[in-house]
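Colleague: What follows is a single structure, and I will ask about it in a moment.
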Amino acid sequence: MSLRIRHTASPVNIFTVMTNLARQEKAHNLSQGLPDYDIAPELNELLREAVINGFNQYAPMQGLLELRNISPML
């Protein structure tokens, strides 16, 4: 018995793209939320405050309206 492919999804997803880009740029990869190092205590406090204030979900795909409306600094 063989199964037909029922989707056309690309084998490459955003997590793969970001992981590869982080490796290429020798950057920390935070795209999946699985860093392999401890975070700074100051960042830990900022994250706690963000969650308490309701910032605990992924941003919309097009980005936060507040950030999209900011003019680039030249």
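No value in this document is a laboratory result; all are computed from the given coordinates. Fair warning: this is a prediction, and the values are worked out from it, not measured in the lab. Cβ atoms come from the backbone with ideal geometry, glycine included; neighbour counts cover every protein chain shown.
Colleague: Per the helix-only calculation at 222 nm, which mean residue ellipticity applies to the chain, given -39500 (n - 2.57) for every DSSP H run of n ≥ 4 and division by its residues, nearest 500 deg cm²/dmol?
Modeller: Working: 3 runs with 28 residues, N = 74.
That calculation yields -11000 deg cm²/dmol at 222 nm.
Colleague: Shifting gears a bit: Set Lys and Arg Cβ to +1 and Asp and Glu Cβ to -1, take the dipole of the chain about its Cα centre, and tell me which of GLY33, ALA50, SER10 lies farthest positive.
Modeller: SER10
Colleague: Compute the projected area of the convex hull of the Cα atoms of the chain, averaged over all viewing directions, and report it in nm² to one decimal place. All intermediate terms of the calculation are to be shown ahead of the outcome.
Modeller: Working: hull surface 38.9 nm².
With the hull built on Cα positions only, its mean projection is 9.7 nm².
Colleague: Further question: What share of all Cα pairs of region 14-55, in percent, falls into each consecutive 10 Å distance bin?
Modeller: For region 14-55, the binned pair fractions read 26, 39, 32, 3 percent.
Colleague: Report the gain in length on full extension from ARG23 to ALA50: 0.36 nm times residue separation, minus Cα-Cα distance, nm rounded to one decimal. Before the final figure, lay out each step's value.
Modeller: On the way: separation 27, 0.36 × 27 = 9.72 nm, distance 2.81 nm.
Length difference between fully extended and current span is 6.9 nm.
Colleague: Follow-up question, since we're still on this one. How big is the dipole moment of the chain about its Cα centre under a simple scheme where the beta carbon of each Lys and Arg is +1, that of each Asp and Glu is -1, and everything else is neutral? Debye, nearest 20, please.
Modeller: Working: 6 positive and 7 negative charges, 125 e Å.
Dipole of the chain, to the nearest 20 debye: 600 debye.
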